[in-house]
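Before any comments, here is the structure.
The values are calculated or read from the model by the stated rules, or taken from the named source; none is laboratory data. A quick note: this is a predicted structure, and the numbers were derived from the prediction, not measured. Cβ atoms come from the backbone with ideal geometry, glycine included; neighbour counts cover every protein chain shown. Surface areas here come from the heavy atoms of the whole protein model, side chains and all, with no ligands, DNA or RNA. Shrake-Rupley method; radii C 1.70, N 1.55, O 1.52, S 1.80 Å.
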Amino acid sequence: MLHLRRTAVTAAAAVAAMSFFTGQALATTSNASGTFYYTDLLGGNQQVVNPELNTCKLVSILGTSVSNQTDATVVLYTDTSCALLANPVSPGSTVTFLFKSYRFTAS
């Protein structure tokens, strides 16, 4: 009976440790440093400060041009799910390209 209790306590400790480490990993988000500027189809100027990495983001109105003043590469997409016709824009670069979504990746 004592052996069974030790096994149960060890298993509970292992589960608690995994939950702690997994929770910490999920709670941590990485961001690029700097500002991402884009112009939409109506001529509105938008900006995102310290954008989140590896997350697909949608633009409210079709984007037409960008200035990537961050330390990460931004990839522009022509669809709303960051899957079609990708156009990477390096840090410090400016391009004209019609896009509906974007994702930042570590450079």
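The table below gives the values:
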quantity: Single residue of the stretch 39-69 satisfying the filter (among the β-branched types (V, I, T) and at pLDDT 95 or above) that is most open to solvent (accessible area, probe 1.4 Å); calculated: V49
quantity: A12, sole failed condition from (1) open to solvent by less than 50 Å² (accessible area, probe 1.4 Å); (2) at pLDDT below 50; (3) small (G, A, S); calculated: (1)
quantity: L76 modelled with pLDDT under 95 and either in contact with a Ser or Thr (Cβ under 9 Å, 6 or more places away or on another chain) or open to solvent by less than 50 Å² (accessible area, probe 1.4 Å) (or both); calculated: no
quantity: Long-range neighbours under 8 Å by Cβ, at least six apart or interchain, first residue free of Cβ contacts under 8 Å to residues at least 12 places away in the same chain and in a strand (DSSP E or B) within the stretch 57-72, second surrounded by 17 or more Cβ atoms within 10 Å (Cβ to Cβ) and among the aliphatic types (A, V, I, L, M); calculated: none
